[in-house]
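A short write-up of the structure that comes next.
The values are calculated or read from the model by the stated rules, or taken from the named source; none is laboratory data. Not measured: the values here are computed from a predicted model. Cβ: placed from backbone, ideal geometry, glycine included. Neighbour counts: every protein chain shown.
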């Protein structure tokens, strides 16, 4: 994808505080960061705010990116940390999750939470713990490798694999899905 180009831009930002180079990094990666946060917190407005905060934090911490692993993996780690910090400050997130959990338990009614219809994905994710949900989104929606997820969530690869296995099992059990799914 943008691998080497990203490294060149990052070097310009770190060495010269080049805001144009950083603007290009944001342009390249903002939709993936925003989509990750939207799936994670399921509140479009909050996700967009968190994405902006994430890019501000990334600007401040860019000098800590050592070039190990993908830049998007590092960026998603910053976004996930930003999400966790905001969650601690807000009970609104817990209220939304609780409502979504009740809707999921109701068997997929067409009700809405904050005027957003629950997709199958939302119903599936609602049965998972926050940690399971984050790992599943990083894996399936963002396409990160187990190693990149481990880096982003600061956990061993074996833990990532077991969380994915457990999450898939919970979804199968909760929605009575038979058989083996690919992946």
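A few comments on the model shown:
- Test: residue in region 6-27 that is within 25 Å of residue 135 (Cβ to Cβ) and more than 19 Å from the chain's Cα centre (by Cα): yes
- Total residues in region 119-139 satisfying the condition of being part of a helix (DSSP H, G or I) and at pLDDT 80 or above: the figure is 13.
- Total residues in region 140-171 satisfying the condition of being closer than 15 Å to residue 79 by Cα and either surrounded by 19 or more Cβ atoms within 10 Å (Cβ to Cβ) or under 11 Å from the mean Cα position of the chain (by Cα) (or both): the figure is 9.
- Candidates 9, 40, 46, filtered to the one that is within 16 Å of residue 152 (Cα to Cα) and in contact with a helix residue (DSSP H, G or I) (Cβ under 9 Å, 6 or more places away or on another chain): 40
- Scoring residue 179 on the criteria (1) at pLDDT 85 or above; (2) farther than 18 Å from residue 47 by Cβ leaves a single failure, condition (1).
- For region 140-176, the set of residues classified as in a helix (DSSP H, G or I), out of contact with any helix residue (DSSP H, G or I) (no Cβ under 7 Å at 6 or more places or on another chain) and under 22 Å from residue 47 (Cα atoms) consists of 140 only.
- Here residue 15 meets each of (1) over 26 Å from residue 147 (Cβ atoms); (2) modelled with pLDDT of 80 or more; (3) surrounded by 13 or more Cβ atoms within 10 Å (Cβ to Cβ) with one exception, condition (3).
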